[in-house]
Structure formats: structure tokens, C-alpha cells
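Written below as C-alpha cells is the structure these notes are about.
The values are calculated or read from the model by the stated rules, or taken from the named source; none is laboratory data. Computed from a prediction, not measured in an experiment: that's the story for all the values here. Here the Cβ positions follow ideal geometry from the backbone for every residue, glycine too, while neighbour counts run over all protein chains shown.
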């Protein structure tokens with residue numbers, strides 16, 4: 001039977017699940033939690049999945065707020081994974097303190113993924129394949145514990161979570177309906193300079209020299225390819241007492257060679273320092289067959305799919321997932337766009353536009369799963 005014959009039943013199931021999808025957006029928004037601390041959010045999502053018949057494993061691969069939920073559909077076929085994210089950006093409030101605020105669309109993103117999972121479960125007997133929902137913490141690269149422990153999708157990929165999944169889809173609210181064909185490399189570089197405090201003009205303090213070099217770096221290097229993430233100075237106040245300079249930089253590039261060249265330039269411009277490097281965030285690896293299936297799902301949902309978008313202008317740790325499984329990063333568009341990482345954006349994602357995006361995400365993902373499960377991208 002053609003997969004299109006199942007579309008109507010599935011879309012009806014999405015309509016029936018819409019109040020629940022809206023409720024999930026509200027719940028994630030109300031429980032804004034930083035990376036690797038998403039206890040309430042992960043618990044809410046896993047409860048929904050378990051109630052729908054999924055087999056759920058929590059706290060997987062050493063990440064307490066990560067989970068994997070699996071459902072066998074009516075007959076054997078392709079295993080399709082959907083990634084949910086649910087951490088909030090580490091925003092700065094008016095007092096300058098770190099505060100979790102859902103201003104990057106993870107409420108609609110999680111609502112859409114779980115909504116697709118619930119609607120697929122409601123019509124499972126007619127469908128083919130296996131659905132795996134992977135809950136990944138720590139999407140936000142700047143959050144304190146992401147910087148300390150690593151990002152959820154990259155860690156999950158490195159630890160084998162996707163090894164038995166045939167195709168993985170990761171949706172996110174965007175400006176257009178598309179599958180992104182490329183993204184940037186990224187690496188975090190951390191410099192440490194240990195020296196002395198001095199109260200004299202004729203004595204060189206290497207930490208202060210490094211601090212002075214930072215302003216030159218910001219002027220000399222393209223801010224689209226290097227972000228000065230944080231800078232700190234700490235030390236005793238007496239002459240010749242110990243002092244430490246620490247700085248974190250995010251370095252971006254389109255190729256690995258370009259990344260290494262840019263990192264070398266950064267090191268040279270800062271001067272003598274002890275450097276540590278994070279694991280690289282890898283670029284998205286495109287899959288034309290998977291992209292075509294997702295495009296067909298957008299069309300079936302009555303949406304206009306953009307088949308030839310520009311490259312994604314930033315890095316995403318979903319790139320690491322795409323290196324171990326066939327994959328697509330799915331943009332679910334809105335004509336007016338989104339004001340990411342702003343108070344206005346938080347209102348958009350929590351409001352009617354965000355909830356509409358969640359329902360559309362559920363529909364497009366589920367229609368994609370139906371096609372992929374039947375081997376449409378084989």
C-alpha cells in the first residue's frame with residue numbers, strides 16, 4: 001500500500017494530539033532549565049512517551065537528562081530517529097546574572113517531536129518501521145555545563161546512541177521550510193596565562209599582556225568566524241603576587257583546514273599561553289535521498305519546500321550525528337522569522353506562532369517517518 005494512503009489517518013492523529021502538543025510547549029516554557037539540568041523537562045517528555053506505549057530508557061550514556069524511547073510500528077522496516085531538545089539558553093537578566101529563558105524555540109521543537117511520536121503511536125498498526133525518540137540535553141553551546149561537559153547530540157553520537165538508527169531527523173524553528181545542506185565546523189579554544197600582578201610600569205605582567213591582546217584579536221579577526229566567549233582575570237593584589245588570565249574563544253570555519261588555520265592565527269595573536277581545545281563540532285553531512293523524502297513530506301503537509309537553501313551559517317552538534325547516520329536537519333519556517341535569544345523571541349516561541357510551529361513540526365516529521373519507514377530513502 002502506498003505510504004500516501006496513511007497520510008490522512010496520521011494527519012487526523014496530529015489534529016487529535018494538538019491540545020497535547022500545545023500543552024508540551026507550555027510545560028517546556030514554564031520549566032526553563034539550563035544544559036544538563038533539564039530534569040523537569042525530560043521527565044515531562046518521557047512520561048508522555050511512556051503513556052503512548054514507547055519503551056523508555058532514561059539517563060542514557062552518562063547524561064542524567066538524556067533519554068531514548070522506542071516504538072515498533074505495525075510491520076518491520078527502517079528505523080527512524082527523531083531528536084528532541086529542551087534546554088533553555090543561558091540568558092543574562094537585567095542584573096547581569098545567568099537565567100534560563102526559552103528564547104531559541106526548544107518548546108515548539110520538543111512539542112513537535114513528541115507530538116509526532118504520539119500521533120505515530122495512535123496509528124502504529126498501519127505503519128512500517130521503528131520510531132526512536134532521542135532526548136538530547138545541552139543544545140546551547142554557551143551554557144555553563146555544556147562548556148564543562150559537552151553538548152548532548154555530539155556526546156550521544158560519540159557514545160553510540162545512533163549506531164542502530166538508519167535515519168535521524170532533527171527539526172528546528174527556522175525562517176523557511178527546508179533541509180539544510182551544510183553547516184560550519186566549530187571548536188572552543190581556551191587560553192590560560194599564569195603570571196604575576198604588578199603595580200609597576202617597568203615590570204611586564206603576562207596575564208595583562210594577554211588581556212591587552214584580546215582587543216587586537218577582536219579588531220583583526222572576522223567576528224563571524226571567531227567569538228570571544230569569555231575573559232577573566234584573577235589574582236592577589238600585592239606586587240608580584242600570582243595572577244591568571246583565562247579566555248574562551250569559539251572558532252568557526254567551512255573546512256577542517258580552514259579551522260586549523262584560524263586557530264593557529266588566534267594562538268599567534270594572543271601570544272604565549274597554555275591552550276586546551278574542545279572536541280570539534282562537525283559539519284552537517286547532507287543526504288540527497290533523505291532530503292527528497294522530507295521535501296515530499298512538506299509537500300504532503302501543504303507547505304512550500306525550499307530545495308536549494310543557502311548553507312546554515314553556524315555550527316550545530318547535529319553535524320556529529322550526521323557523521324554516524326543518514327540524517328537531515330529540518331527547518332520549519334515562519335514567514336516573519338524568529339527573534340532568537342531575545343525577550344521578544346521568547347514571547348514568539350511561547351505564543352500562538354510557536355504552538356503553530358510545533359504542530360507543523362509534528363506533521364512534517366510524522367509524514368517523513370511514514371515514508372522513511374517504508375524505505376522511501378533506500
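Values for this structure:
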quantity	calculated
Meets criteria (more than 17 Å from residue 110 (Cα to Cα) and modelled with pLDDT under 95) for residue 378	yes
Any hit, segment 8-23, residues being within 23 Å of residue 165 (Cα to Cα) and within 17 Å of the chain's Cα centre (by Cα)	no
Tally, over segment 172-202, of residues that are free of Cβ contacts under 8 Å to residues at least 12 places away in the same chain and either touching a strand residue (DSSP E or B) at 6+ places or on another chain (Cβ under 8 Å) or assigned by TED's automatic domain parsing to the domain that holds residue 314 (or both)	0
Residue in segment 357-375 that is modelled with pLDDT under 95 and crowded, with 24+ Cβ neighbours inside 10 Å present	yes
Residue 213 part of a strand (DSSP E or B), farther than 25 Å from residue 313 by Cβ and touching a helix residue (DSSP H, G or I) at 6+ places or on another chain (Cβ under 6 Å)	no
Residues satisfying the stated conditions in segment 340-374, i.e. assigned to a loop (DSSP other than H, G, I, E, B) and touching a residue at least 60 places away in the same chain (Cβ under 8 Å)	340, 341, 342, 374
Residue tally, condition over 13 Å from residue 250 (Cβ atoms) and surrounded by 10 or more Cβ atoms within 10 Å (Cβ to Cβ), over segment 219-230	1
